[in-house]
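The values are calculated or read from the model by the stated rules, or taken from the named source; none is laboratory data. Computed from a predicted structure; not experimentally measured. Here the Cβ is made from the backbone with ideal geometry for all residues, glycine too, and neighbour counts use every protein chain on show. Protein only, heavy atoms only, side chains kept; ligands, DNA and RNA dropped before computing areas. Shrake-Rupley method; radii C 1.70, N 1.55, O 1.52, S 1.80 Å.
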Amino acid sequence: INILKSLKVDVLSLLGVLEHLKDPAEALSAISTNKNIKYVFISLPMFSLAVVFELLFPESFNRQLQLSCGHTHLYTEESINYFINKFKFQRIAEWRFGTDIVDLHRHTQVYIKKINSSAVFNRYVDQKMKSLIDDLQLEVDKKDFTSEIQLVLNNKHSQKEIS
């Protein structure tokens, strides 16, 4: 935390970081009070459709609910808005995209093999699902039920003006 408070950078990138911290609010507070940091680029895992799949397919590898890998938090639109408001950040840009449908495909393939279905059936389902991934994921992303968001935030406490 002391490092975050004393950084002398214009832009801070936190890609795959906040979900591993025991107290992300402490880190966000340190960032927001550092007047040197003008922008923050954050990538966050979301409570998403992928989480539902992980709960339905507990024997497959969990990507979002990785407690064993150190994930302590998933985010929602409400929790993001909360910390943006609490720490006086301004949302400048965002990109929502996920791999929820890739996860569904992976879980499906694991279970198809588990039930010892034929190789012909497995290949057929695999090909059909692969042809749907991009279109289905785009719809999930549009509905804000996607597994990841990237945000560019302005630190309103920064002494520097946005041009």
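Using a probe radius of 1.4 angstrom, the carbon and sulfur fraction of the accessible surface of the stretch 1-135 is 61%.
Ranked by solvent-accessible area (1.4 Å probe, protein heavy atoms only, all chains present), the residues Val120, Val17 order from largest to smallest as Val120, Val17. In the chain, the DSSP beta bridges split such that about 70 percent are antiparallel, to the nearest 5.
For the peptides 82-89, 109-116, the ranking by mean Cβ contacts within 10 Å, running from highest to lowest, is 82-89, 109-116.
Loop-located GluC sites (Glu not before Pro) across the stretch 51-140 with a Cβ neighbour count of 16 or fewer within 10 Å are Glu59, with loop assigned by DSSP. Multiplying the sequence separation of Ile3 and Arg123 by 0.36 nm and subtracting their Cα-Cα distance, what value in nm do you get? Gain in length upon complete extension: 38.1 nm. The string of couplings for the stretch 132-144 from the Karplus curve (6.51, -1.76, 1.60, θ = phi - 60°) is 9, 3, 4, 5, 5, 5, 4, 5, 4, 4, 4, 8, 6 Hz, one whole number per residue in order, with x for Gly and Pro. Under a 5 Å amide H cut-off, with hydrogens placed 1.01 Å from N, Ile92 pairs with Val152, Leu153, Asn154 among residues at least 5 apart or on other chains.
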